[in-house]
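K.L.:
Quick one: the structure is below, and I'll ask about it shortly.
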Amino acid sequence: MWELEPQIEQLKQVIEENDGRNVADSLFARNVDRLLSVFYDDIGEIKTIRLQRLFELFLIKTLYVNRRSTDAQVLTYLAEMLTRFLWSRELLPGATTAQLGDLLTSLVEESQDRTHFQNLFEAYRKLADNSLFITGMFPRSLDRRRPAWRRRRAPAPLPQIDRGYFVRLGKTYYRMASDHELAHWTGQDRVLAKLSGHFDIYREALNELSDRFVLGFDMNLIADKMLDNLNAYRRSGDEQYLDNARKYAALLSVDPAAFGKLRRRRPPPICA
């Protein structure tokens, strides 16, 4: 794991050196998939990696490789935005429905009130970020049918809002932020304008990122890891591989009884 961060940084350098064009050929894409696979290795060990670096890897996969993005600055902006939200809200993949409801409710309420911001540029940018985060990371929370967490909130009812409302809000506020003089002074005008003009593309990339890496797991990769460990156990008889396979199976919500090799038993004798 110690080598993962430098390799992610190398991928970022390639993207930055080729800013304005996409160079994600088959070799680049395989390298990204290899690093994602490394992240899921050794499931029993605690891994230390900076959160922003991890989001950069996920965005390189979902935005740069899968959607052929060409803008290095947007990728960095989104990674920083996700890091800021998920650290400040202390959101974890194991968060309960009520905790997610509290997070979403606070973001919705913040989006209705601009009075606590120091200036209009800060207000426009933050409200646009809120809209992209909500529609990107929690798209199903905005279905027209009111989710359970919204029915439980009391006493002040939330306004009638849906995904389209926040998409329009995000596009508008990113455009207004990009036109503000502080955007020019801070060098963010081009990035913010890009986020406004291609809001739906970035929202869909975050939808995939949320499903595969944050609120869920890449189940195809987890299944491959489970099978790799089962095969390694068959070859070696090493119980550590079997234990890893059980852990991957737990992530897949697999019934261990469905896989004979996942049953706890002694390894078969090794023939001379």
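The values are calculated or read from the model by the stated rules, or taken from the named source; none is laboratory data. Quick caveat, the model's predicted, so the values are computed rather than measured. All Cβ positions, glycine included, derive from the backbone under ideal geometry; neighbour counts span all protein chains shown.
K.L.:
Tell me yes or no: at least one residue of region 53-69 is in contact with a helix residue (DSSP H, G or I) (Cβ under 9 Å, 6 or more places away or on another chain) and modelled with pLDDT under 90.
P.N.:
yes
K.L.:
Restricting to region 6-31, and then to whatever is within 21 Å of the chain's Cα centre (by Cα) and hydrophobic (A, V, I, L, M, F, W, C), can you tell me which residue is surrounded by the most Cβ atoms within 10 Å (Cβ to Cβ)?
P.N.:
Here the answer is 15.
K.L.:
Are any residues in region 5-45 under 15 Å from residue 74 (Cα atoms) and charged (D, E, K, R), and if so, which ones?
P.N.:
Correct list: 12, 16, 17, 19, 21.
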